[in-house]
Amino acid sequence: MSLRDLPSIDRLLHSSQGADMIRHFGRTLTLDALRTQLDDARAAIRSGGTPPDDAALLRKAQAALEDWRTPTLQPVINATGVVIHTNLGRAPLSHAAREAMEAVAAGYSTLEYDLASGTRGKREVHAEHLLRQLTGAEAALVVNNNASAVMLSLTALAKGREVLISRSQLIEIGGGFRIPDVMAQSGARVVEIGTTNRTHLHDYEEAVGDHTALILRAHHSNFKIVGFTKEPSLVELVELGRRHRLPVLDDLGSGALLDTADFGLGHEPMVQESLQADAAIVAFSGDKLLGGPQAGLLLGKAEWIDRLRKHPMARAVRPDKLCLAALSATLMHYLKEEAVTEIPVWQMIATPADQLQARAANWQDHLGTGEVAEGLSTVGGGSLPEESLPTWLLRIEHPSPDELAARLRAASPPLIGRIQEGALLLDPRTVLPDQEADLLSILRESLAQVVA
């Protein structure tokens, strides 16, 4: 077969299957897919291979178009037991938060419009009054994530000047986000205090100079330092800052509004505690333990928050209407004292082990296979390192667990579990109730198809 024997683009486009692809995908995409297949066929001929016929070319083009149409961002069933799973989108939103997003997405909204005056308003007001009422903070500002919150604070308050931070807090979180790198990008100069395991208040005192602009405390979000350790408390740092007229920025990372110790976990530093310690600015995430959308929340003294609000970078990192709608609805759950019953993250954390055992046993009954076994869930999201919650798992032993897991990931919706000691483990703690029917259907089909 020579290159001249290949069909023309027009012949393929005017075939019945070509016309059908145009109806479903549009002419431009169909043309791109057919050209790609013809290029592959030419390469096959030149290398001495056998190219496909017209029918095969059209089938491959159709498959390519189907693949292009499939979104890469899609919902999944999280059966890993990791509650705040960064790779799987962190915190699921509450029903009210989803409704709020849909309401403002469907049409126009009062994003920057004041209904009372009929003039331009400010987007900051939508969440600020809720945050102030909830935490008692003087002022609040919402940006698009906590990395932006820290970057904005450092840029606005310490560019070209020095920021004091303990060496034990020069942390790296997921994705290569490093506090020293962020500080460098902000234009602030890092002054490292103390040693890796022990930093004293006098280390800060001795480092304060004419060029010092800020004291930064960064929470050990995803690791612990144990043994011969010491760090000054936030109260001590604030008092030091007060003597030298220096603001203290407390980067909490995840940031909790409920006490995690009440749920059988270690105590995660709470936003209210940092504000009570009189930190100038407290920064934390919206999509971790708060249980809302991706956002960076800045609370604290009006004097300092207003400086951040007026900085040019604030516009570059501002949140959109969908974020503000979901965040406001999430905060309202806390104000109504219903976070544990309405916010999925807290629902999952608070679920008793006996309920999880019953769900795992129900899965086992429906599937007729697997073993209900004790296990551990984790909170994740860079919070509560080494902390876990007792759970019950459905443990499925299979001759080809990797192949089974791959088939589950290829399902619609994809089902994500974890493999441990040659078995597939599925944790009901992180499976939403309305996903249970899909989970069982996917498992039945996949177990039937995967053969040893």
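Name every residue in the range 222-254 that is touching a residue at least 60 places away in the same chain (Cβ under 8 Å), of a type outside the set (A, V, I, L, M) and surrounded by 23 or more Cβ atoms within 10 Å (Cβ to Cβ), in order of residue number.
If the condition is that a residue be touching a residue at least 60 places away in the same chain (Cβ under 8 Å), of a type outside the set (A, V, I, L, M) and surrounded by 23 or more Cβ atoms within 10 Å (Cβ to Cβ), then Asp251, Gly253, Ser254 are the ones that fit.
Every residue, every condition in (1) open to solvent by 70 Å² or more (accessible area, probe 1.4 Å); (2) part of a helix (DSSP H, G or I); (3) touching a residue at least 60 places away in the same chain (Cβ under 8 Å); (4) closer than 25 Å to Glu273 by Cα, yes or no:
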{"position": "Val104", "(1), (2), (3), (4)": "no, yes, yes, no"}
{"position": "Leu111", "(1), (2), (3), (4)": "no, no, yes, no"}
{"position": "Ala116", "(1), (2), (3), (4)": "yes, no, no, no"}
{"position": "Leu157", "(1), (2), (3), (4)": "no, yes, yes, yes"}
{"position": "Ser168", "(1), (2), (3), (4)": "no, yes, yes, yes"}
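Mind checking which helices (runs of 4 or more DSSP H) fall wholly inside the range 1-57 and carry at least 3 residues that are within 23 Å of Asp67 (Cα to Cα), in contact with a Ser or Thr (Cβ under 8 Å, 6 or more places away or on another chain) and free of Cβ contacts under 8 Å to residues at least 60 places away in the same chain?
The helices (runs of 4 or more DSSP H) meeting that bar are 16-25.
Is it the case that Leu93 is in a loop (DSSP other than H, G, I, E, B) and hydrophobic (A, V, I, L, M, F, W, C)?
The answer is yes for Leu93.
Every residue in the range 361-374 that is charged (D, E, K, R) and either surrounded by 16 or more Cβ atoms within 10 Å (Cβ to Cβ) or without any contact (Cβ under 8 Å) to a residue 12 or more places away in the chain (or both), please.
Asp365
Test each condition in (1) open to solvent by 20 Å² or more (accessible area, probe 1.4 Å); (2) at pLDDT below 95; (3) in contact with a helix residue (DSSP H, G or I) (Cβ under 9 Å, 6 or more places away or on another chain) for Ala56 and report the one that comes out false.
(1)
So that you can scan it fast, the table gives a plain yes or no per residue for (1) in a strand (DSSP E or B); (2) under 20 Å from the mean Cα position of the chain (by Cα); (3) in contact (Cβ under 8 Å) with a residue 12 or more places away in the chain:
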| residue | (1), (2), (3) |
| --- | --- |
| Asp354 | no, no, no |
| Gln357 | no, no, yes |
| Leu376 | yes, no, yes |
| Val379 | yes, yes, yes |
| Ser383 | no, yes, yes |
| Glu386 | no, yes, yes |
| Leu393 | yes, no, yes |
| Leu404 | no, no, yes |
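Identify, by number, the condition in (1) outside any loop (DSSP other than H, G, I, E, B); (2) among the charged types (D, E, K, R); (3) modelled with pLDDT of 90 or more that Asp210 doesn't meet.
Asp210 satisfies all of (1) outside any loop (DSSP other than H, G, I, E, B); (2) among the charged types (D, E, K, R); (3) modelled with pLDDT of 90 or more except (1).
Based on what the data block shows, is Ala91 touching a Gly at 6+ places or on another chain (Cβ under 6 Å), buried (at least 17 other Cβ atoms within 10 Å of the Cβ), closer than 30 Å to Thr378 by Cβ and at pLDDT 90 or above?
Criteria met by Ala91.
Tell me, please, whether a residue that is open to solvent by 20 Å² or more (accessible area, probe 1.4 Å), under 21 Å from Ala358 (Cβ atoms), among the aliphatic types (A, V, I, L, M) and free of Cβ contacts under 8 Å to residues at least 40 places away in the same chain can be found in the range 425-440.
Within the range 425-440 (the criterion being open to solvent by 20 Å² or more (accessible area, probe 1.4 Å), under 21 Å from Ala358 (Cβ atoms), among the aliphatic types (A, V, I, L, M) and free of Cβ contacts under 8 Å to residues at least 40 places away in the same chain), the answer is yes, since at least one residue qualifies.
Residues Asp306, Asp259: which one is without any contact (Cβ under 8 Å) to a residue 60 or more places away in the chain, farther than 30 Å from Ala106 by Cα and not small (Gly, Ala, Ser)?
Step by step, each of Asp306, Asp259 is checked, and only Asp259 is without any contact (Cβ under 8 Å) to a residue 60 or more places away in the chain, farther than 30 Å from Ala106 by Cα and not small (Gly, Ala, Ser).
Just the residues that are polar (S, T, N, Q) and at pLDDT below 95, please, taken from the range 379-401.
Answer for the range 379-401, where residues must be polar (S, T, N, Q) and at pLDDT below 95: Ser383, Ser388, Ser400.
The values are calculated or read from the model by the stated rules, or taken from the named source; none is laboratory data. Everything quoted here is computed from the prediction, not taken from an experiment. Methodologically, a virtual Cβ is constructed for each residue, glycine included, from the backbone with ideal geometry; neighbour enumeration extends over all protein chains shown. For the accessible areas, the whole protein counts, side chains as well, though only heavy atoms, and no ligand, DNA or RNA atoms are used. Shrake-Rupley method; radii C 1.70, N 1.55, O 1.52, S 1.80 Å.
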